[in-house]
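*Asks:* The structure follows.
The values are calculated or read from the model by the stated rules, or taken from the named source; none is laboratory data. This structure is a prediction, so every number in the text was calculated from the model and none was measured. All Cβ positions, glycine included, derive from the backbone under ideal geometry; neighbour counts span all protein chains shown.
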Amino acid sequence: MQRLRGRGQDSEAVIRRRFRDAVTDMSHFNEYDYVVINDDFAAALLDLSAIVRARRQRVEVQRARQGVLIDALLNE
């Protein structure tokens, strides 16, 4: 809250609403596959990059992207 107050762009009511909304959003964390906590931007960015890289390696993605190659390798 201090950071938002220090910026001086939002009223106190807006800041309170934003925090209330954030708590509501965070309460749904268990509905997701991944959780990235942005308390250190560089670390959060690395975590996010790792998630994107891992998702790209999932079997269904690789099958769609590399199916012909996979089939050729398996049928040699």
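*Asks:* What is the residue count in segment 53-76 for residues that are loosely packed, with under 10 Cβ neighbours inside 10 Å and part of a helix (DSSP H, G or I)?
*Replies:* Residues that pass the stated criteria total 7.
*Asks:* Could you grab the pairs with beta carbons closer than 7 Å, sequence gap of 6+ or different chains, first residue in segment 35-64 and not assigned by TED's automatic domain parsing to the domain that holds ALA22, second one outside any helix (DSSP H, G or I)?
*Replies:* Once the first residue is not assigned by TED's automatic domain parsing to the domain that holds ALA22 and sits in segment 35-64, its partners that are outside any helix (DSSP H, G or I) give ALA44/VAL36; ALA44/ILE37; ALA44/ASN38; ASP47/VAL36; LEU48/VAL36; ILE51/TYR34.
*Asks:* Is there a residue being more than 20 Å from the chain's Cα centre (by Cα) and not hydrophobic (A, V, I, L, M, F, W, C) anywhere in segment 23-35?
*Replies:* no
*Asks:* Just a yes or no: is a residue in segment 1-11 touching a Lys or Arg at 6+ places or on another chain (Cβ under 9 Å), assigned to a loop (DSSP other than H, G, I, E, B) and surrounded by fewer than 11 Cβ atoms within 10 Å (Cβ to Cβ)?
*Replies:* Looking for residues that are touching a Lys or Arg at 6+ places or on another chain (Cβ under 9 Å), assigned to a loop (DSSP other than H, G, I, E, B) and surrounded by fewer than 11 Cβ atoms within 10 Å (Cβ to Cβ), one finds at least one in segment 1-11, hence yes.
*Asks:* Exactly one of these conditions fails for ASP47: (1) over 12 Å from the mean Cα position of the chain (by Cα); (2) surrounded by 10 or more Cβ atoms within 10 Å (Cβ to Cβ); (3) acidic (Asp, Glu). Give me its number.
*Replies:* (1)
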